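Contents: one structure, followed by commentary.
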Amino acid sequence: MSDILRVTGLVKHFGGLAAVDGVSFAVEANQIFAIIGPNGAGKTTTLDLVSGLLTPTAGRIEVLGSDVSAATPAQRCHAGLGRAFQVVQPFPEMTLRENVLVGALFGTPGRTRADAERRADAALELSGLAALADVDAEDLTLMQEKRLEIARALATEPSVLLLDEVMAGLRPAEARDAVALVKRVRDSGVTIVFIEHVMPVVRDLADRVLVMDHGKVVVEGSYAEVTQDARVIEAYLGKEEVA
Amino acid sequence: MSASTRTRRTRPAQFPWDLVGLVLLAVAVAFAPDLLKALFGRASVSYLSIATNALSLSILALSWDVLARTGQLSLAHAAFYGAGAYTTALLARHADVPLWIGIPLGGLAAVVFALLLGAATLRLRGIYFAIATLSAAEVLKAVVHHLPTGIAGGNAGMNVPTLFRPEFIAGQMERWEVAFLRNEAYFYVYATLLCMTVLASILVQRSRLKHAFTAIRTNEEVAGVMGVRPARLKLLAFVLSSVFVGMLGGVEAHRVGSVLPEQSFSVSTTVLALVTPIFGGLYTTLGPIVGALGLSSVQEGLRRVFSDGYLIGYGVVLVLSILFMPRGVVGLVGGLLRRRGKREAGR
Amino acid sequence: MIKTARFLTSLALAGLLGLASAQGVSIGILSPLTGGSAGTGQAQRAGFELALAEINAAGGVLGEPLRIIIEDTQANPAVGLAAFEKLMTEDDVEFIAGGFSSGVTLALVESFRTFQPIVMWIGGAVSGIGIDGFDGIEELIGEEDWFFHIHPWDYHNVGAATAFAAQTGSETVALLHEDSAFGGPGSAGAQALLEEAGMTVTLREAFTSTLLGGTGDFRAAISKAAATNADMLYWIGYDSDVVPLSGQIRELNFRPQHIFGAPPGWPTEFAAAPEAQCVTGLIGFMPNLTNPEAIAFTRDYRAMHGVDPDNYMAALAYANLWAYADAINAAGSTDQDAVIAELEAGTFRSPIGDWSFEPSVIAKHQGFGEDLWLVFQYQNGVREIVWPIEKATAPLVSCR
Amino acid sequence: MDTTLLVQALVSGVLAAGLYALVSVGLALAIGVIGIVNFAHGEFFMVGAFLAYQLFVTFGIDPVWSLFIVAPALFALGAIIYTSTIRFVLKAPELNQMLLTFGIGIILQNLALLIWGGDPRTIAGITYRGIGYQIGGVSIGLVPLASFVVSLVLVLGLYWMLARTPLGRAMRAVAQNRTGAALVGLEVNRVYLVAFALSALLAGIGGVMIAVIQSPTPVVGFAFTLKAFAIVVVAGLGNIRGILFAALFVAVAESLVATLVPNGDTLRNAVFFAIIFAVLIRRSWRTA
Amino acid sequence: MTSVQARATGALEVRGLEAGYGKIQVLWGIDLDVAEGEFVAIIGANGAGKTTLLRTLSGLIAPRGGSVSAFGRPLRGLSAARVVRSGVGHVPEGRQLFPLMSVRENLDAGADYLPAARARAGRNRAFVYELFPRLLERERQLAGTLSGGERQMVAIGRALMSDPRLLLVDEPSLGLAPALSASVFAALEQINADGVSVVLVEQNVHQSLKLADHAVVLETGEVVLRGTGSELLSHPRVREAYLSL
């Protein structure tokens, strides 16, 4: 059992507010690991801390056994962390292929241009965007942007892919495609950590589920375990539902 | 979904327009002096000087643009220029360093300053970055001004020997031909420097750096998450952006025969470095050059027609250009071509 | 308003002039017409234009109307270089006049030497003599046969100022100077000469001129000068420094016996300002000079331009063009040797009086030297000439 | 060092801060409220100076009174420039806005050159330029004191206006959140127009002061613009109180260095920009 | 399920509304009626167009087609600044407060630029403080320093200061602890009880359906379900997709 990502005692204060307050978890290789919780629970902040966009107030982050707590986002990317954002952030002045190429070229050091282009195309293919490769990213629909978000992260060849609500807003059919996509990605050997609101998706995908509320871990376990947990129901549905 | 997305025509095999353009530019400048001489005779002397000034502006503008591609809007280009000019002048004065070494060393001095400045300003964005670089440039100007007179001449500045003295090349020819030879020599030096700058710009645009620079400019955080190292690449852009301007400062110090704090570190150098690429078209190799040639022509044309107030016309051109071609000359022309392309494709 | 009118006329004439035949003699002029030094350039142009009108009214040069072609140098060396070459190769002039700014002049040295037209230059006062490791204009091209310099050299300026200072009876002098190629070397020379003349320089302090990025707060420098309690305050700066310096000297209650300034020119309306009272200044020409040439020049200048010729550059430009006209007419051709001979031999008219070229320390042909300079004093809203004594219109008064 | 000299340096520095703050505060309105980096701000300043001069020469109006003519005139000029140009580039990239305002600056500067020529002008017949009150060997100049007081009143007035009046709140609202401003019934464009015109007005008043203190020339605004930009940025966009402190700090530092160091006046710009640079860099590395 | 009938005296009448951003169309022909005094909930997944709908209604986005009228007056083509004058208040996504202004200033800004509302500012402010006593305690505090729940209260309060007859509310419970979001919902209920029509967009489907007289479900820019709150609460499709049950 190898923990591919291990987070210990993660804390982040914004001013006086503890957005993330002592979060610890470990993700095993080839798992699909879900982080759920109400809005404002600190899920996205946790991903920002893991991917290096924020500097933690305290805590330790290890990827494949090496400590990356002090590393820059780029170094963490090279260490094997990929990240897709909740608020889709394509580079609008570039085509889709170029967007993905950024990840392919820089995500893994020392790659040749030809190799990177091949991987970029593969990532586009996997994400179902191959036909749109030469479209400018500013011309995309939300759906396509979300796929692009995944493709770009995949092109960096991550060991762990951090997905932040990439399925939000998808129609049921699309969500099914997306679930299949995530499974395909996992089957290609990538460990996945994702934040999700749509519970059926979590149910279909997650091997483990971490529930957060108010910056703290409420419970961690299988989907079945956590959905039975009274604290989770309270966090989600409010007290009256429990009562 | 895909039905609603307009798929642009698939990309044809990349024709290396940029490299062909560089070769054409090189060929054009190689023959330009002789062509001017054949066409205009004596007048070619002053046309060459005007052209050299336009080349100078092109180098300045293109260098600025290279840095701007990473989203860093520098107001320190006068300092790069001045650092190069003074270094070259100091080496010539105190160490008799041959100019062919002194000028690259001027470029190196600019790079050293740029790296220090770049490292200090890594965290600054937008106008904060701009004002910090402006401040650094003003401080460097003051430092140079206050170096002991015996070293850098203080407020009186220093003489700088000219690169091409007519004594060396004057034979039994007419005076204007001697002047032509000198101007031609300078023109070639500037043209070489421009070709080097263009080559650097093209190499950036053709390599993975283009994507990295654009990514950093658009969203530095996302770029970082995708493995781009913003700090390192921003410093690289600083190097590329300063080296040719520093050399330009060195060459120009020789051409005009002196360095003076006010002259070598003039804020107007910085302003021109910024204005020209915006006018021509940002983040391209062609834009800044088109901008430099365009603005030089506009100014020269206006001053030949109106002895008074010609700069009013220049200002009007700038204002109109922003209102009617917000993406610069190159953006406007590019847009027109694309629209025509689409119309034809639609038929 | 007059300038606007002239702008419109120039629009209309621009086309016509282009068509006019280029017969007759043309003189090329380099002046800074835009940017911070535009005031000087415009004064020069006004002087040239008056001389041109008079010369052509008097029959022109070699029987044809004289033509002048003015190019804007923007006080920028690279622009000045191209402008000079345009005059030489496109306009085919054989004579160059005008000039300002050491930077531009230094940039032109090589090109002057290449083309070797006759250059009669009214700017570039930095001789370079006395500055180690720096070659000024006089050192670089002063010995050339074709170079004629009409403006006094820096040591002439300082010499005149020192001579004046010596006869005021001041024993101590505080020296304030702007910190560029104009005031820096000038103040060094001044200190040497003042000490040579037996005076004590209590302070030599630099300031940043409003022309070169200063914000016009000179109180620190003035306070320091005041603390030395010198008999005389001697300052070297630019025209735009006159008002703030003079006002702040009063405001800080600094009352030396003499306040003496040496800017290139004095702002026109300053005479009427109360704080101008008792200020003395070095100047090359004054509208209230009483010699007939000055009276005529001032009258005609006012008629043509609607203002007084307050900037002495106008008078020098006037002298500059007349010297060309007289010498070429005397030579009977534009042959360079003949014209040089006439310039060397001739005596020329100017608002200051008749003058001719003499050698200076290095230069072969120096038009005006110390003798150009007058010292005036603002007395009750009028500029009285107080030095040299033989030209004085009023006695010098003390500020105390 | 003589303590009188030191006190004089402090007094001069404090008084100089007023004008710095006034020029900066106008620019801050343009940058902070509208988000326009106005390279032509110094030219508004210059136009104000020349108008005061012309009113004096033509009509004999003392600058003290011409303030009341120049201020509305510059307000109108600002409104015209906003309506005819600025409003079209509100959403354009910052660089485009810079080029536009730079072009406007060139036009104004060279129009002034055409109309008034390059020679420095003087408002001569005023009696108060050289007046200084001597208190224990330290001099307090009437003009700097008056300009300090007027600047302070204007800056504090602006501060009060922004803090307490509906118009001021409207400006802060559009600056802080355009969407929120629209939702409370503000026509954002109209607020911008007023803010820009007000910015020109403040520059114009600074210009009148400079016409008294110095000589109006076409390039008189330049030195002040650079410094104003730096002060605004260091203070933080939209922070009026910060501008007062920043102006005071740099002006006193300049004055002290100019007084205490030999040839110190020539170090003013170096001191000023070194402080600006240090503050910006330090702040960027501290707030990681 | 389209049992909601258009009523004669509608607070809001939306017909065939189309809108979007740039090249993307988000809303594809929305019909919606809100009666005076009615509480209507809009539910749907992220990206379904709920926020876009509210932004279009309040004039922040210009519609591309269809018609909107409030209290019988057509709103189409009006800027947000004008829409708010017709009595439509908007508590937007992200709150859109003025972070460097105090709570009091934020509230007053809601009334300052509307002559009618200014006249009743005192009364409305008292109502807001009664509704959210917490805001009175924090009257002088800068909005940017408030907690998420307090910000939400200010956003609602500011909209109330414009004296609206119809309030559009976007995700008020976003980021709020359950207790706080409960008090926000209670406040909305009270506002509604006070006679103000409410259109609520909310991810807490449970809460909003319980409050709502009527509700619509939006999917990819279209209304796919309509009904009363309780009808939808027990609708299998809603239970599956949005209640995760």
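Look at B:Val259 and say whether it is more than 14 Å from chain D (Cβ to nearest Cβ), over 22 Å from the mean Cα position of the chain (by Cα), over 29 Å from B:Trp17 (Cβ atoms) and among the hydrophobic types (A, V, I, L, M, F, W, C).
Spelling it out, it is not the case that B:Val259 is more than 14 Å from chain D (Cβ to nearest Cβ), over 22 Å from the mean Cα position of the chain (by Cα), over 29 Å from B:Trp17 (Cβ atoms) and among the hydrophobic types (A, V, I, L, M, F, W, C).
Do the conditions hold for B:Val245, that is, is it in a helix (DSSP H, G or I) and open to solvent by 10 Å² or more (accessible area, probe 1.4 Å)? Outline the logic, then answer.
Numbers: in a helix (DSSP H, G or I): yes; open to solvent by 10 Å² or more (accessible area, probe 1.4 Å): no.
In short, no.
Restricting the search to segment D:139-174, which residues are facing another protein chain (nearest Cβ under 9 Å), in contact (Cβ under 8 Å) with a residue 40 or more places away in the chain and out of contact with any Lys or Arg (no Cβ under 9 Å at 6 or more places or on another chain)?
Of everything in segment D:139-174, those that are facing another protein chain (nearest Cβ under 9 Å), in contact (Cβ under 8 Å) with a residue 40 or more places away in the chain and out of contact with any Lys or Arg (no Cβ under 9 Å at 6 or more places or on another chain) turn out to be D:Ile140, D:Arg172.
Report, by residue number, each residue of segment C:289-331 that is touching a Lys or Arg at 6+ places or on another chain (Cβ under 8 Å), open to solvent by 20 Å² or more (accessible area, probe 1.4 Å) and modelled with pLDDT of 95 or more.
The one that is touching a Lys or Arg at 6+ places or on another chain (Cβ under 8 Å), open to solvent by 20 Å² or more (accessible area, probe 1.4 Å) and modelled with pLDDT of 95 or more: C:Asp326.
Can we say C:Ile362 is assigned to a loop (DSSP other than H, G, I, E, B) and surrounded by 23 or more Cβ atoms within 10 Å (Cβ to Cβ)?
So C:Ile362 does not fit the description; no.
Select from segment C:226-239 the residues that are over 18 Å from C:Gly184 (Cβ atoms) and small (Gly, Ala, Ser) and write down the one among them that is nearest to the other protein chains (Cβ to nearest Cβ).
The qualifying residue nearest to the other protein chains (Cβ to nearest Cβ) is C:Ala227.
State whether the residues of segment D:187-210 include one that is of a type in the set (S, T, N, Q), more than 30 Å from E:Gly87 (Cβ to Cβ), within 12 Å of chain B (Cβ to nearest Cβ) and crowded, with 24+ Cβ neighbours inside 10 Å.
no
Scanning segment C:53-75 for residues that are out of contact with any helix residue (DSSP H, G or I) (no Cβ under 6 Å at 6 or more places or on another chain), part of a helix (DSSP H, G or I) and of a type outside the set (S, T, N, Q), which turns out nearest to C:Glu90 (Cα to Cα)?
Among those residues, the one meeting the criterion is C:Ala53.
Take the residues of segment D:116-130 that are more than 7 Å from chain C (Cβ to nearest Cβ) and surrounded by fewer than 23 Cβ atoms within 10 Å (Cβ to Cβ): which is farthest from C:Asn253 (Cα to Cα)?
The qualifying residue farthest from C:Asn253 (Cα to Cα) is D:Trp116.
Any chance you could count how many residues in segment A:58-74 are touching a helix residue (DSSP H, G or I) at 6+ places or on another chain (Cβ under 9 Å) and either within 11 Å of another protein chain (Cβ to nearest Cβ) or open to solvent by 30 Å² or more (accessible area, probe 1.4 Å) (or both)?
7
Limited to segment C:332-368, what total is found for residues that are touching a Lys or Arg at 6+ places or on another chain (Cβ under 9 Å) and closer than 23 Å to C:Arg299 by Cα?
Matching residues across segment C:332-368 total 1.
Do we find that A:Gln86 is polar (S, T, N, Q) and either open to solvent by less than 10 Å² (accessible area, probe 1.4 Å) or in a loop (DSSP other than H, G, I, E, B) (or both) in this structure?
Judged against the criteria, A:Gln86 is a match.
Between B:Thr197, B:Thr162, B:Thr192, which is on the phi < 0 side of the Ramachandran plot, surrounded by 18 or more Cβ atoms within 10 Å (Cβ to Cβ) and part of a helix (DSSP H, G or I)?
B:Thr197
Quick one: count up the residues across segment D:267-285 that are more than 7 Å from chain B (Cβ to nearest Cβ), open to solvent by less than 40 Å² (accessible area, probe 1.4 Å) and either in contact with a Gly (Cβ under 7 Å, 6 or more places away or on another chain) or not aromatic (Phe, Trp, Tyr) (or both).
Qualifying residue count for the region: 3.
Residues that are open to solvent by less than 10 Å² (accessible area, probe 1.4 Å), more than 24 Å from C:Trp373 (Cα to Cα) and either away from every other protein chain (no Cβ under 12 Å) or under 22 Å from the mean Cα position of the chain (by Cα) (or both): does segment C:87-95 have at least one?
Yes, there is a match, as at least one residue in segment C:87-95 is open to solvent by less than 10 Å² (accessible area, probe 1.4 Å), more than 24 Å from C:Trp373 (Cα to Cα) and either away from every other protein chain (no Cβ under 12 Å) or under 22 Å from the mean Cα position of the chain (by Cα) (or both).
Quick one: would you say C:Gly186 is at pLDDT below 95, within 14 Å of chain D (Cβ to nearest Cβ) and closer than 30 Å to B:Val139 by Cβ?
On the way: at pLDDT below 95: yes; within 14 Å of chain D (Cβ to nearest Cβ): no; closer than 30 Å to B:Val139 by Cβ: yes.
When the stated conditions are applied, C:Gly186 does not pass them.
Residues checked against (1) in contact (Cβ under 8 Å) with a residue 40 or more places away in the chain; (2) in contact with a Ser or Thr (Cβ under 8 Å, 6 or more places away or on another chain); (3) in a loop (DSSP other than H, G, I, E, B):
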{"site": "E:Phe98", "(1), (2), (3)": "yes, no, yes"}
{"site": "E:Leu107", "(1), (2), (3)": "yes, no, no"}
{"site": "E:Gly122", "(1), (2), (3)": "no, no, no"}
{"site": "E:Arg125", "(1), (2), (3)": "no, no, no"}
{"site": "E:Glu130", "(1), (2), (3)": "no, no, no"}
{"site": "E:Glu139", "(1), (2), (3)": "no, yes, yes"}
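Taking the condition of being more than 10 Å from chain B (Cβ to nearest Cβ), under 24 Å from B:Ile216 (Cβ atoms) and not small (Gly, Ala, Ser), how many residues in segment A:113-132 meet it?
5
Would you point out the residue of segment C:214-245, among those that are open to solvent by 20 Å² or more (accessible area, probe 1.4 Å) and hydrophobic (A, V, I, L, M, F, W, C), that is nearest to C:Gly36 (Cα to Cα)?
C:Ala226
Every residue in segment D:216-244 that is under 10 Å from D:Gly32 (Cβ atoms) and in a loop (DSSP other than H, G, I, E, B), please.
Residues satisfying the conditions are D:Gly236, D:Leu237, D:Gly238, D:Asn239.
Mind checking which pairs have a first residue in segment D:100-115 that is facing another protein chain (nearest Cβ under 7 Å) and more than 16 Å from D:His41 (Cβ to Cβ) and a second that is in a helix (DSSP H, G or I) and open to solvent by less than 20 Å² (accessible area, probe 1.4 Å), Cβ under 7 Å, 6 or more apart or different chains?
Final answer for the pair search is D:Asn110/B:Gly315; D:Leu113/C:Ala38.
Given (1) open to solvent by less than 20 Å² (accessible area, probe 1.4 Å); (2) hydrophobic (A, V, I, L, M, F, W, C); (3) closer than 24 Å to A:Val190 by Cα, where does A:Ala41 come up short, assuming only one miss?
The single condition A:Ala41 does not satisfy is (3).
So, of the residues in segment D:154-178 that are open to solvent by less than 20 Å² (accessible area, probe 1.4 Å) and of a type in the set (Val, Ile, Thr), which turns out to be nearest to E:Arg55 (Cα to Cα)?
D:Val174
When both residues are 6+ apart or on different chains and their Cβ atoms are under 6 Å apart, which pairs have a first residue that lies in segment C:268-282 and is of a type in the set (Val, Ile, Thr), and a second that is part of a helix (DSSP H, G or I)?
C:Val279/C:Ser246
So how many residues does segment A:63-78 have that are part of a helix (DSSP H, G or I) and in contact with a Lys or Arg (Cβ under 7 Å, 6 or more places away or on another chain)?
1
Among the residues of segment B:107-146, write down those that are away from chain D (no Cβ under 11 Å) and buried (at least 20 other Cβ atoms within 10 Å of the Cβ).
Scanning segment B:107-146 gives B:Gly107, B:Ala109, B:Ala110, B:Val111, B:Phe113, B:Ala114, B:Gly118.
Regarding segment B:117-136, can at least one residue be identified that is free of Cβ contacts under 8 Å to residues at least 12 places away in the same chain and not in a helix (DSSP H, G or I)?
Looking for residues that are free of Cβ contacts under 8 Å to residues at least 12 places away in the same chain and not in a helix (DSSP H, G or I), one finds at least one in segment B:117-136, hence yes.
The values are calculated or read from the model by the stated rules, or taken from the named source; none is laboratory data. It should be emphasised that the depicted structure is a prediction, and the values quoted were computed from it without experimental measurement. Glycine also receives a Cβ, built like all others from the backbone with ideal geometry; neighbour counts cover every protein chain displayed. Remember, those area values only see protein heavy atoms, side chains included, never the ligands or the DNA or RNA. Shrake-Rupley method; radii C 1.70, N 1.55, O 1.52, S 1.80 Å.
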